[in-house]
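Trainee: My questions will all concern the structure given below.
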Amino acid sequence: MVSKTVAPCIFSSQDSLALAVACRDIDVRNVKALIIGPHETPYEFGFFEFDFKFNKDYPRKSPTVTCTTTNSGRTRFNPNIYANGKVCLSILGTWRGEPGEEWSAAQGLESILLSIQSLMSTNPYENEPGFEDANESSDKKNQKDYVQKIRHETLRISVIQRLEEYLGMDAGGSINPMVPSDYDLDMDTLDEDSTPFLPFKDLCKRRFLWYYESYLAAVQKGKEETKDGQSFTRMPFEGASNSMEGKFNYPELERRLRNIKNALDAETDRWAAEGMEAKAKETTVAVNLYRQFEQVVESFKRADLPHNIELVDSNPFIWAVTYFGKPMTNLDGGLFRFRLHFSPRFPEEQPRVRFETRLFHHRISPDGTPCYVSAISKREDVKSHIEAVIDALEEENPPYDPRTLVNPEAFKLYWGGVDERRNYNRRLRRSVQQSMEDF
């Protein structure tokens with residue numbers, strides 16, 4: 001059966017930092033997938049969504065794949081990803097390929113996603129057939145112009161427009177009062193067929209907070225390389241209805257990015273008030289969080305861990321954790337306080353964590369948002385979130401992974417040369433010492 005073949009792919013891909021897949025329980029043949037654009041490409045940390053339709057012949061035949069991040073069919077993001085959503089890949093049978101590149105039953109959803117992700121390269125111009133080795137002066141200029149407009153539209157369409165829609169915002173930053181918040185909806189009585197299927201809404205919000213500084217850095221780079229109001233250059237392979245048209249306006253993108261960040265922070269703050277209402281009503285989520293709080297406190301006591309956990313204003317939706325730096329590490333002697341903010345829709349909406357203590361660390365953004373990953377199987381377990389945050393802080397020899405780039409300055413020093421790493425350690429130790437003075 002199709003469902004038995006597809007389902008394992010869906011759940012195995014959830015652990016990836018750059019790929020996510022989801023489907024309704026009642027319709028496993030229609031799957032949505034999200035690819036987060038690779039680092040150091042014009043697609044960097046953009047959110048690109050695709051629809052997969054698995055027919056009855058799967059896995060003998062490949063699924064049908066359509067890109068839905070196209071600005072309502074007006075924007076072609078890649079020579080192989082058309083404005084109408086068509087994805088040209090030999091593995092999908094939508095493009096002729098070399099022998100051995102065709103679809104086989106041994107392949108699956110993840111292999112398709114990785115193939116699409118590989119199209120999002122540093123120089124997508126060369127993806128167009130016949131332009132692989134283009135090396136004329138006009139080609140070099142086109143390559144640069146193509147990268148510049150993709151970077152701009154990745155920010156504008158895949159990040160900004162998507163987050164504004166999730167938040168019910170217009171381009172001016174105003175919140176539409178006619179759009180009900182998730183808290184206004186009765187989650188127990190909603191009909192799955194009648195509600196929009198937005199499986200990546202919470203994920204994109206949390207990833208936006210991770211990559212916010214990188215988005216601002218891309219804006220700054222764009223300002224330096226382009227002129228405000230300058231029209232995009234049309235590529236030789238772009239047609240009238242299959243292109244990327246527009247004008248550069250990075251100051252506008254920066255303003256909208258900051259509005260989104262402010263709206264997300266305000267949304268997190270609202271969870272506290274909503275949580276107190278939920279506590280008064282003794283909702284299932286409120287009772288569950290309070291029970292987990294008691295269990296985690298008791299667990300830490302039994303394990304003789306020095307860390308302290310308490311509820312802020314007796315609100316089970318805000319946990320304050322005081323973390324004692326691990327002995328014999330750069331964190332030794334530090335006292336760090338961070339909060340976990342929970343939504344009344346937890347665990348559908350995952351907690352947002354924010355360090356109140358300033359700490360210069362490559363896994364903590366300048367605003368205090370930590371980059372951590374909790375296992376999908378434990379997304380309802382608050383203790384696993386706390387442990388994952390601490391593990392991210394204490395990991396001594398992490399593998400290089402640009403998907404964890406949440407603090408560009410610290411990341412660059414940490415993964416630089418010997419002198420840069422020494423500078424990183426000095427600044428980390430200085431912030432650790434300051435944590436004791438500020439506590």
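Trainee: Within segment 313-339, which residues are under 15 Å from Met436 (Cα atoms) and without any contact (Cβ under 8 Å) to a residue 24 or more places away in the chain?
Mentor: Within segment 313-339, Thr322, Phe324, Pro327 qualify.
Trainee: Next question, about the same structure. Can you work out which of the residues in segment 84-140 that are without any contact (Cβ under 8 Å) to a residue 24 or more places away in the chain and acidic (Asp, Glu) is nearest to Arg60 (Cα to Cα)?
Mentor: That would be Glu102.
Trainee: Could you tell me whether segment 91-114 includes any residue that is under 26 Å from Cys23 (Cα atoms), in contact with an Asp or Glu (Cβ under 7 Å, 6 or more places away or on another chain), among the aliphatic types (A, V, I, L, M) and not in a loop (DSSP other than H, G, I, E, B)?
Mentor: Yes, there is a match, as at least one residue in segment 91-114 is under 26 Å from Cys23 (Cα atoms), in contact with an Asp or Glu (Cβ under 7 Å, 6 or more places away or on another chain), among the aliphatic types (A, V, I, L, M) and not in a loop (DSSP other than H, G, I, E, B).
Trainee: Given the residues Ala218, Ala266, which is the only one that is among the aliphatic types (A, V, I, L, M), assigned to a helix (DSSP H, G or I) and more than 21 Å from Thr70 (Cα to Cα)?
Mentor: Only one candidate qualifies: Ala266.
Trainee: Same structure, new question: Limited to segment 262-273, what total is found for residues that are surrounded by fewer than 17 Cβ atoms within 10 Å (Cβ to Cβ) and either closer than 30 Å to Gln220 by Cα or basic (Lys, Arg) (or both)?
Mentor: Count: 5.
Trainee: Is one or more of the residues making up segment 425-437 in a loop (DSSP other than H, G, I, E, B) and not hydroxyl-bearing (Ser, Thr, Tyr)?
Mentor: Scanning segment 425-437, I find no residue that is in a loop (DSSP other than H, G, I, E, B) and not hydroxyl-bearing (Ser, Thr, Tyr), so the answer is no.
Trainee: Right, something else. Output the number of residues of segment 382-419 satisfying the condition of being under 24 Å from Glu44 (Cα atoms), part of a helix (DSSP H, G or I) and of a type outside the set (A, V, I, L, M).
Mentor: 8
Trainee: Ok, one more. Considering only residues of segment 52-71 that are assigned to a strand (DSSP E or B) and out of contact with any Gly (no Cβ under 7 Å at 6 or more places or on another chain), which is surrounded by the fewest Cβ atoms within 10 Å (Cβ to Cβ)?
Mentor: Lys53
Trainee: Now a separate question. Hey, can you tell me all the residues within segment 89-116 that are of a type outside the set (Val, Ile, Thr) and buried (at least 18 other Cβ atoms within 10 Å of the Cβ)?
Mentor: Correct list: Leu89, Leu92, Trp103, Gly108, Leu109, Leu113, Ser115.
Trainee: Next up: Can you find even one residue in segment 357-375 that is in contact (Cβ under 8 Å) with a residue 40 or more places away in the chain, hydrophobic (A, V, I, L, M, F, W, C), assigned to a helix (DSSP H, G or I) and surrounded by 15 or more Cβ atoms within 10 Å (Cβ to Cβ)?
Mentor: no
Trainee: Moving to a separate point now. Counting only residues that are among the hydroxyl-bearing types (Ser, Thr, Tyr) and open to solvent by 20 Å² or more (accessible area, probe 1.4 Å), which one in segment 376-413 is modelled with the highest pLDDT?
Mentor: The selected residue is Tyr400.
The values are calculated or read from the model by the stated rules, or taken from the named source; none is laboratory data. Given the structure is predicted, the values throughout are model-derived calculations rather than measurements. Every residue, glycine as well, gets a Cβ built from its backbone with ideal geometry; the counts of neighbours run over all protein chains shown. SASA here: full protein model, heavy atoms, side chains in, ligands and nucleic acids out. Shrake-Rupley method; radii C 1.70, N 1.55, O 1.52, S 1.80 Å.
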